[in-house]
Structures are given as C-alpha cells and as structure tokens.
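The values are calculated or read from the model by the stated rules, or taken from the named source; none is laboratory data. As the structure is a computational prediction, the values presented were derived from the model and not from experiment. Don't worry about glycine lacking a Cβ; one is built from the backbone with ideal geometry, like all the others, and counts go over all protein chains shown.
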Amino acid sequence: MTSYDAIVVGAGQAGPGVAAALAKEGKQVALIELDRVGGTCINHGCRPTKALRASGVVAHQARRAEEYGVRTGEVTVDFGKAMDRVHTLIDGMRQSLVDWLGSVENLDVLYGAATLETTPTGEPHRVHLADQTLEAEAIYLDLGARALVPPIDGLDAVEYMTEVELLQLKELPEHLVVVGGSYIGLEFGQMFRRFGSEVTVIAGGGIAPREDPDVSDAIAAMLTDEGVTIARSRLQKVAPHASGVEATLADGSTVAGSNLLLATGRRSNIDLIGDKHGLELDKRGYVVIDSRFQTSVPGVWALGDINGHGAFTHTAYQDSQMLLDGRTVDGRITAYAMFTDPPLGRVGMTEREARESGRKVLKGETPMSSVSRAVLDGETVGLMRILVDADSEEFLGATFFGMHGDDLAQLIGMAMQNNVPYPGVRDALPIHPTVAEFIPSLVKSLQPLS
C-alpha cells in the first residue's frame with residue numbers, strides 16, 4: 001500500500017492542472033492515466049480533428065481560387081500526408097504534456113487501468129492498479145467520456161469506426177457513411193468530402209437538431225452544396241456488402257459505403273473504474289456533484305466530462321480552475337462551437353427556447369451576406385442572431401453561423417457571464433472591417449420577436 005495526500009485519476013484537461021497545483025503546495029500526489037495523457041482533446045478530439053480540418057479548408061479554398069483571381073491546377077489531397085501532419089502535431093503536444101508532468105516535484109505519474117474503492121468517512125480511499133494499491137483521503141476523477149455505440153441491428157457483423165479509429169486511417173475512404181447528424185458527424189462529413197470521399201450522412205434525428213430549424217436548414221444546405229448526401233431517415237440495420245457495409249433506413253432505402261462512422265453521441269467513462277466507487281450517478285450515468293465538484297462520497301471530486309456539467313475541453317479545463325480558485329460551477333455560461341467551415345458558434349438560448357421562456361424577447365439578426373468583411377473575403381454563408389430580454393436588458397443567447405462564428409459566440413458569452421446589459425455592447429466602438437463590428441449593429445436593430 002502506497003499512501004498519497006491526493007490521487008488524481010485521469011490526465012485529460014482537468015486532471016493535470018489539479019495534480020500539479022496540489023504537488024506544488026508540497027503534497028504528495030499520484031496522477032494515474034488509464035491510456036494516454038491529454039484525454040479526448042489531444043488524442044482523438046479537438047486538436048487532431050482541427051488539424052485535419054485545416055487540410056480540408058485549404059483544399060476547399062484552393063478549389064475556389066479562381067473566384068479570387070488565383071489560378072491553380074487540379075486540386076487533390078494526399079490523405080496520408082495530411083494524416084501524418086496531424087499525428088506529428090499531436091505527438092508533439094502530447095509529449096510536451098508528458099515532459100511538463102515529469103518536471104513537477106512531488107508528482108508521480110502512473111499508467112494503467114485503475115479501479116476505485118471508496119471507504120467510510122475518515123478512512124483513506126483506495127485506487128487499485130495491476131500491481132499495486134494506492135490510498136489517499138482526497139481523490140479527483142477526470143475520467144472523461146467516449147463515443148456511444150448504440151444497439152444497431154447487424155453492427156456486430158460489420159466493421160465500424162468511432163472518431164478514435166477514423167483518426168488512425170491511412171487511406172481515404174471511397175464512400176464514408178456517417179451515422180449521426182450532430183457536431184462530430186457533420187465536421188467529419190464535410191472534411192472527408194473535401195478530401196475527395198463520397199459522403200452520406202444518415203441524420204434521422206435531423207441536422208444539428210439542437211439548433212433552430214432555419215439554422216439547421218442553412219447548415220444542411222451548405223453541406224449539400226459541397227456534395228454531401230443527407231439521408232433524413234433513421235438507421236434500421238447494417239450488413240456486410242461487397243463495397244464494405246450497407247445501411248438500411250426506416251424508409252426502406254439503402255446506402256452502401258466503404259466505411260461506417262458512428263457519431264451518435266457520448267457516454268460516461270465511469271464504468272472504467274469498476275463498480276466499487278459508491279458514487280451517485282444521474283440517469284445518464286454521469287457523476288452527481290455539488291457546486292464545488294464534490295461527489296456523494298466525501299473526499300471524492302469529479303471534474304470534466306464525467307460530471308455532466310459540460311462536454312467540452314474548455315469546460316473541463318475551467319472545472320480545474322474553479323476547483324483550485326474556490327469558485328463554483330453554478331451559473332456558468334457555456335459557449336460552444338461546431339467546427340464545420342464556416343463554424344457555428346452558440347451560447348445561451350436558441351430562438352425557439354426564447355419564445356418558450358415567457359420573456360419579452362428582442363431579436364437582432366442579419367445574414368452573413370450583409371456583413372462587409374464576409375463579403376470582402378467571399379465567405380457569405382450563414383447568419384448572425386442575438387436575443388435579449390427587453391425588460392432586464394440581459395443577453396439571452398446568440399447564434400453565429402458563418403465566418404468567425406466560433407470567436408463571436410465567446411464575446412456574447414463573456415457579456416452574459418459578467419451581466420453586461422445590452423446597451424453596453426450596443427454603444428461600444430468596433431473595429432472596421434471585422435465580422436464582430438456587426439454585433440453593436442445587431443443590438444441597435446433589436447426588434448420584438450414576431
């Protein structure tokens with residue numbers, strides 16, 4: 001039995017910061033990683049997908065070069081080289097994290113499958129590795145989440161991928177069939193179409209179904225214009241096919257492709273630490289926490305995706321900062337983005353939610369085709385939308401689908417987090433020509449929801 005002051009299980013976006021901070025306070029800390037440091041973000045999430053996306057963006061821009069008076073030859077993508085670029089970048093980022101963790105005094109970094117055994121209040125909790133048992137009175141869980149593989153008839157008879165396997169491909173799929181019309185599926189669907197694959201997105205639940213219908217329609221139109229096929233019927237079953245796999249839909253149609261990608265949501269990784277953790281879980285399998293990340297078991301805290309208070313790198317990282325700074329997760333305003341090209345940036349309520357809220361709502365909206373910078377850059381797909389409360393003057397939400405939409409959403413998110421009333425943004429001096437300069441203009445044009 002090896003005793004520590006604290007044990008952190010999981011080295012994703014929350015765990016390393018907490019482990020290092022505690023160690024720098026002079027505490028003896030163990031950081032246990034079940035696979036590779038960096039979590040989903042570094043290994044098969046945010047960063048590798050954005051690195052791969054960049055290759056797709058360049059290919060798309062090159063194909064449009066004539067629009068800008070630039071002549072190119074035929075544009076093709078060396079998929080193997082694009083993937084090599086991704087892995088070179090990510091390997092370097094991961095190694096930097098490994099090196100940093102190794103430099104922290106009082107911190108032991110251990111690897112392997114771990115199980116948690118909580119004990120009665122006042123006794124140290126135990127974490128079991130293959131060849132040793134550790135104990136500490138303070139346990140911090142940063143276990144994350146992974147791709148959900150739903151029960152699909154025939155799935156056990158075909159080869160399929162989640163984003164983990166997709167990012168290990170060495171050859172470009174001839175026809176990628178994507179199951180799921182939300183963020184992950186749409187991002188991959190667009191980039192692989194730009195690489196040269198035929199792409200079919202099976203979106204029985206709709207395209208970006210959490211968004212307002214007109215936003216979802218705009219995203220679907222963009223993808224369709226780029227050659228992505230969208231099937232709006234639900235998947236019934238899959239089966240082997242001469243080309244790879246065949247999907248049968250509820251409307252009786254079939255889709256045959258070379259590769260099958262499941263992009264159907266995420267599930268909690270709580271099962272990875274065994275069944276003796278004693279933690280209260282919600283109906284989705286995420287760990288129940290209070291406002292300070294404390295679980296139902298004294299001495300055990302849950303950070304990042306595992307606690308169900310956000311499924312993003314930025315929420316996980318902020319969890320660690322809030323824990324260390326003494327802040328609470330209550331009232332956090334979460335902005336997020338879908339990294340299609342152009343991206344969708346979102347914060348707060350959709351228009352549909354605002355209508356249902358019972359508030360007196362004002363809306364400011366403009367198509368990206370009316371934004372000077374977007375016109376100048378030839379990037380006019382999408383729209384900008386801001387919603388405010390007419391009585392309290394608070395921002396309720398914003399949708400930015402278009403050029404720089406991911407960055408724009410953060411501006412409104414910061415205003416919301418700091419309770420800045422909309423006149424304060426309306427009267428600000430923006431820089432011209434930028435996309436963000438239209439935010440004050442949108443606020444000036446607010447009209448009641450019809």
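Tabulated data
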{"quantity": "Number of the condition not met by GLY364 [criteria: (1) in a helix (DSSP H, G or I); (2) more than 13 Å from the chain's Cα centre (by Cα); (3) crowded, with 19+ Cβ neighbours inside 10 Å]", "calculated": "(1)"}
{"quantity": "First in region 139-163 and on the phi > 0 side of the Ramachandran plot, second anywhere and outside any helix (DSSP H, G or I), Cβ under 8 Å, 6 or more apart", "calculated": "GLY144/GLY10; GLY144/GLY12; GLY144/ASN269; GLY154/LYS237; GLY154/VAL238; GLY154/ALA239"}
{"quantity": "Residues satisfying the stated conditions in region 199-244, i.e. of a type in the set (Ser, Thr, Tyr) and free of Cβ contacts under 8 Å to residues at least 40 places away in the same chain", "calculated": "SER216, THR224, THR229, SER233"}
{"quantity": "Some residue of region 39-58 being surrounded by fewer than 16 Cβ atoms within 10 Å (Cβ to Cβ), more than 26 Å from PRO173 (Cβ to Cβ) and either at pLDDT below 95 or in the same structural domain as ARG126 (by TED's automatic domain parsing) (or both)", "calculated": "no"}
{"quantity": "Failed item in (1) within 22 Å of the chain's Cα centre (by Cα); (2) more than 17 Å from ILE7 (Cβ to Cβ); (3) small (Gly, Ala, Ser), with GLY144 passing the rest", "calculated": "(2)"}
{"quantity": "Unmet criterion (only one of (1) under 30 Å from ALA203 (Cα atoms); (2) surrounded by 13 or more Cβ atoms within 10 Å (Cβ to Cβ); (3) touching a strand residue (DSSP E or B) at 6+ places or on another chain (Cβ under 7 Å)) for ASP153", "calculated": "(2)"}
{"quantity": "Test result for THR200, surrounded by fewer than 23 Cβ atoms within 10 Å (Cβ to Cβ), modelled with pLDDT of 95 or more and not in a helix (DSSP H, G or I)", "calculated": "yes"}
{"quantity": "Strands (runs of 3 or more DSSP E) enclosed by region 203-309 - at least 1 residues per element that are charged (D, E, K, R)", "calculated": "235-241, 244-249, 266-268"}
{"quantity": "Residue match in region 185-194 (condition: touching a Lys or Arg at 6+ places or on another chain (Cβ under 8 Å) and not in a helix (DSSP H, G or I))", "calculated": "no"}
{"quantity": "Residue check for VAL178: assigned to a strand (DSSP E or B) and in the same structural domain as ALA203 (by TED's automatic domain parsing)", "calculated": "yes"}
{"quantity": "Residue within region 94-115 that is assigned by TED's automatic domain parsing to the domain that holds ASP142, within 30 Å of GLY196 (Cβ to Cβ) and out of contact with any Gly (no Cβ under 9 Å at 6 or more places or on another chain) present", "calculated": "no"}
{"quantity": "Unique match (being in contact (Cβ under 8 Å) with a residue 60 or more places away in the chain and either in contact with a helix residue (DSSP H, G or I) (Cβ under 8 Å, 6 or more places away or on another chain) or not assigned by TED's automatic domain parsing to the domain that holds ARG47 (or both)) among ARG332, ARG327", "calculated": "ARG332"}
